[in-house]
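Visitor: Structure in C-alpha cells, see below.
The values are calculated or read from the model by the stated rules, or taken from the named source; none is laboratory data. In this text, all values refer to a predicted model and were calculated from it rather than measured experimentally. Heads up, the Cβs are rebuilt from the backbone with ideal geometry, glycines too, and the neighbour counts pull from every protein chain shown.
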Amino acid sequence: MQASTTTTQPKTQHRFYYGWVIVVVMALVGFTQSAETYPVLAVFLAPVTAEFGWSRTVFTGAITIGTLAGGVLAMVIGPTLDRAGPRWTLTLAFLLLGLSLVLTALVHSLWQFYVLQVIGRMINMGVIALAGSVVIPKWFIAQRGRAVALSGLGIRVGNAVTPLYVQYLVANGSWRFASAMTGVLTWVVSMIPAAIFLRRRPEDMGLRPDGLAPGETATVVASRRNGRGNNAQAEVSYTLKEVVRMPVFYLLVTGFSIIFIAAPATNLHMIPFMTDRGISQGAAVAAVAVFSIFGGLGSLVFGYLAETFSTRSIVTLSLFGMGLGYLGILMVHVAWQGFAWSAYYGFVSGGMFTLQQVIMADYFGRNSLGAVRGIVWPTQMVFNALGPLAASFAYDTTHSYVAAFVIFAILTGIATVLIFFAKPPVPKPVVASASPS
C-alpha cells in the first residue's frame with residue numbers, strides 16, 4: 001500500500017461543510033432512483049402483465065437482463081467515479097433513465113418493453129446505484145455512518161412515496177401515464193441538482209473529510225476506538241490490487257452477494273405475495289410504504305450505531321434479523337400483519353444496506369472505492385437478477401412463494417456467518433491523495 005501527499009493545502013475548517021450538500025443531492029438521487037427499484041416495479045407488474053397477457057416470469061425477465069447489464073457497466077463506471085467524480089456521470093444517467101420511463105408509456109410490444117426496461121434498469125443499477133454507494137464515503141470518515149444513513153433516506157422516502165403516487169396514477173389514469181410522469185420527475189428532482197452541485201471529493205475544494213482538520217479527524221476516530229475495535233482507525237487507502245489479495249474481501253463479497261438474492265426478490269414480490277393472500281392492492285402498496293419508512297429509520301439507527309460499535313457486529317445483527325423476516329412473511333394473511341411485518345423487515349434491512357457502504361469504505365479506504373465497488377457490483381448484480389427471477393419461476397410453477405422464502409432465510413443465515421468472520425484488515429494510515437490510486 002502506498003502513501004501520498006495532497007497537492008493543495010486544505011483550507012481551515014468552515015462553519016458549514018459542503019459534504020452535507022452532497023448528502024442532500026445524493027438523497028434526491030436516491031428518491032428518483034426508486035422509480036426503477038422493485039417496490040415500484042411491483043406496482044407496474046399487475047397492470048402491465050394484465051394488458052399484454054404476459055406471465056410474471058416474462059415481466060421479470062427484462063429486469064433480470066437489465067440488472068446483469070448494469071453489473072457489466074459498473075466495471076467501467078466504478079473507476080470513472082474515482083477519476084472524474086459523479087457530477088456528469090449521474091447527469092447523463094438520469095437523462096437516459098427519465099427518457100426510458102417516458103418512452104415506456106408508448107410501448108405496444110414485448111421487444112419494445114424489453115429494450116426500454118433493460119436500458120432503464122442497466123442505468124439504474126450500473127450507474128446510479130453504484131454511485132450511491134461510493135460518493136458519500138469519499139466525503140466522510142468520522143461521521144460516515146450518519147452521512148450514509150441520511151443520504152440513504154432518499155431512496156427510502158422514494159420507495160415509500162413513489163409506489164403510492166404510481167398506484168394513484170395507475171388507478172385514476174393508466175400505468176402508461178404513471179410511467180411518463182415518473183420519467184419527468186426524474187429529470188426535475190435528480191438530474192438538475194446533480195449537474196449543479198455534485199463534486200468528486202472534498203480535497204478538490206480544498207477541504208478535508210467531515211470538514212475537520214487532519215488532527216481533529218484523528219481525534220474523533222481515536223475517541224471511539226475502544227467501541228469499534230479495529231474498525232476505528234485512522235484513514236486507510238488500499239489499491240484495488242491490494243484489496244483483491246485480501247481474504248476478508250471475498251468474505252464480504254460473498255456474504256453481501258447472497259443477500260442480493262433474497263432482498264431484491266422480496267422487494268419485488270411482497271405486493272403480489274400479499275394480494276395473493278387476499279390483501280387488497282391498496283393495502284399491499286401501503287405496506288410497502290411502511291416498509292420504506294421503517295427502512296429509513298433503520299438506516300439512521302444502524303448508521304449511528306456504526307460510529308460507536310463494531311460495524312461488523314452491527315451488520316451481523318441486521319442480517320440475522322433479515323433471516324427471521326423471511327420466515328415471518330409466511331405468517332402474513334391479513335392487512336395488519338402485512339403492516340407489522342413490513343415495519344420489522346424494513347427496519348432490519350435498512351440497516352444492512354447502509355452498513356454495506358460503511359464497512360467497505362472503513363476496510364479499504366476512499367481513494368479506490370469506486371474501482372473496488374465496480375468489480376464487486378457485477379457479482380452482486382448477477383445475484384440481484386437471479387433472486388427475483390427464481391421467485392417468479394417458483395410462483396409460476398407452484399403458485400406459491402413458500403419455498404422461495406424458506407430458501408431465502410437459509411441463505412441469509414449463511415451470509416450472517418460469513419460477515420461475522422470478516423474481520424477488518426490491519427490498518428496502515430495514509431494521507432489521502434489528490435488523485436485515486
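Visitor: Provide a single number: the residues in segment 255-313 that are acidic (Asp, Glu), crowded, with 20+ Cβ neighbours inside 10 Å and farther than 18 Å from residue 146 by Cα.
Guide: 0
Visitor: Next up: Hey, among 46, 74, which residue is in a helix (DSSP H, G or I) and either charged (D, E, K, R) or at pLDDT below 90 (or both)?
Guide: 46
Visitor: Another one. For segment 64-104, which positions are under 18 Å from the mean Cα position of the chain (by Cα) and without any contact (Cβ under 8 Å) to a residue 40 or more places away in the chain? Spell out how you get there, then give the answer.
Guide: Taking segment 64-104 as the starting set, the residues that turn out to be under 18 Å from the mean Cα position of the chain (by Cα) are 64, 66-75, 77-78, 81, 86, 89-90, 93-94, 97.
Scanning segment 64-104 gives a single hit, 93.
Visitor: For segment 193-215, give me each residue that is farther than 15 Å from residue 91 by Cβ and not in a helix (DSSP H, G or I). Please lay out each step first, then the result.
Guide: Just the residues of segment 193-215 that are farther than 15 Å from residue 91 by Cβ, to begin with: 201-215.
Hits for segment 193-215 are 201, 206, 207, 208, 212, 213.
Visitor: Under 30 Å from residue 309 (Cα atoms) and in a helix (DSSP H, G or I): which single residue out of 123, 128, 141 fits that description?
Guide: After applying the criteria, what remains is 128.
Visitor: Based on this model, can you work out whether residue 334 counts as more than 15 Å from the chain's Cα centre (by Cα) and closer than 24 Å to residue 168 by Cα?
Guide: On the way: more than 15 Å from the chain's Cα centre (by Cα): yes; closer than 24 Å to residue 168 by Cα: yes.
The answer is yes for residue 334.
Visitor: So which of 351, 365, 338, 346 is buried (at least 18 other Cβ atoms within 10 Å of the Cβ), at pLDDT 90 or above and within 28 Å of residue 309 (Cβ to Cβ)?
Guide: 346
Residues are listed down the side, and each one gets a yes or a no for (1) modelled with pLDDT of 90 or more; (2) closer than 19 Å to residue 95 by Cβ; (3) under 23 Å from the mean Cα position of the chain (by Cα); (4) not polar (S, T, N, Q):
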residue: 138; (1), (2), (3), (4): yes, no, yes, yes
residue: 141; (1), (2), (3), (4): no, no, yes, yes
residue: 145; (1), (2), (3), (4): no, no, yes, yes
residue: 156; (1), (2), (3), (4): no, no, yes, yes
residue: 161; (1), (2), (3), (4): no, no, yes, yes
residue: 170; (1), (2), (3), (4): yes, no, no, yes
residue: 177; (1), (2), (3), (4): yes, no, no, yes
residue: 180; (1), (2), (3), (4): yes, yes, no, yes
residue: 191; (1), (2), (3), (4): yes, yes, yes, yes
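Visitor: Looking only at segment 224-250, which residues are surrounded by fewer than 21 Cβ atoms within 10 Å (Cβ to Cβ), at pLDDT 70 or above and within 19 Å of residue 421 (Cβ to Cβ)?
Guide: Those that are surrounded by fewer than 21 Cβ atoms within 10 Å (Cβ to Cβ), at pLDDT 70 or above and within 19 Å of residue 421 (Cβ to Cβ): 244, 245, 246, 247, 248, 250.
Visitor: Those residues that are in contact with a Ser or Thr (Cβ under 7 Å, 6 or more places away or on another chain) and of a type in the set (D, E, K, R), I need them from segment 120-159; list them, please.
Guide: Correct list: 121, 156.
Visitor: (1) modelled with pLDDT of 90 or more; (2) assigned to a helix (DSSP H, G or I): which one isn't true of residue 387, the others all being true?
Guide: (1)
Visitor: For residue 118, work out the one condition from (1) assigned to a helix (DSSP H, G or I); (2) under 29 Å from residue 23 (Cβ atoms); (3) of a type in the set (A, V, I, L, M); (4) in contact (Cβ under 8 Å) with a residue 40 or more places away in the chain it doesn't fulfil.
Guide: Among (1) assigned to a helix (DSSP H, G or I); (2) under 29 Å from residue 23 (Cβ atoms); (3) of a type in the set (A, V, I, L, M); (4) in contact (Cβ under 8 Å) with a residue 40 or more places away in the chain, the lone unmet condition for residue 118 is (2).
Visitor: Shifting gears a bit: Is there any pair with a first residue in segment 176-197 that is without any contact (Cβ under 8 Å) to a residue 60 or more places away in the chain and a second that is assigned to a helix (DSSP H, G or I) and small (Gly, Ala, Ser) whose Cβ atoms are under 8 Å apart and which are 6 or more apart or on different chains, and what are they?
Guide: none
Visitor: Residue under question is residue 403, and the condition is that it be without any contact (Cβ under 8 Å) to a residue 24 or more places away in the chain, out of contact with any Cys (no Cβ under 6 Å at 6 or more places or on another chain) and of a type outside the set (Asp, Glu); does it hold?
Guide: yes
Residues checked against (1) over 26 Å from residue 19 (Cα atoms); (2) not hydroxyl-bearing (Ser, Thr, Tyr):
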{"position": "60", "(1), (2)": "yes, no"}
{"position": "64", "(1), (2)": "yes, no"}
{"position": "82", "(1), (2)": "no, yes"}
{"position": "86", "(1), (2)": "no, yes"}
{"position": "93", "(1), (2)": "no, yes"}
{"position": "99", "(1), (2)": "yes, yes"}
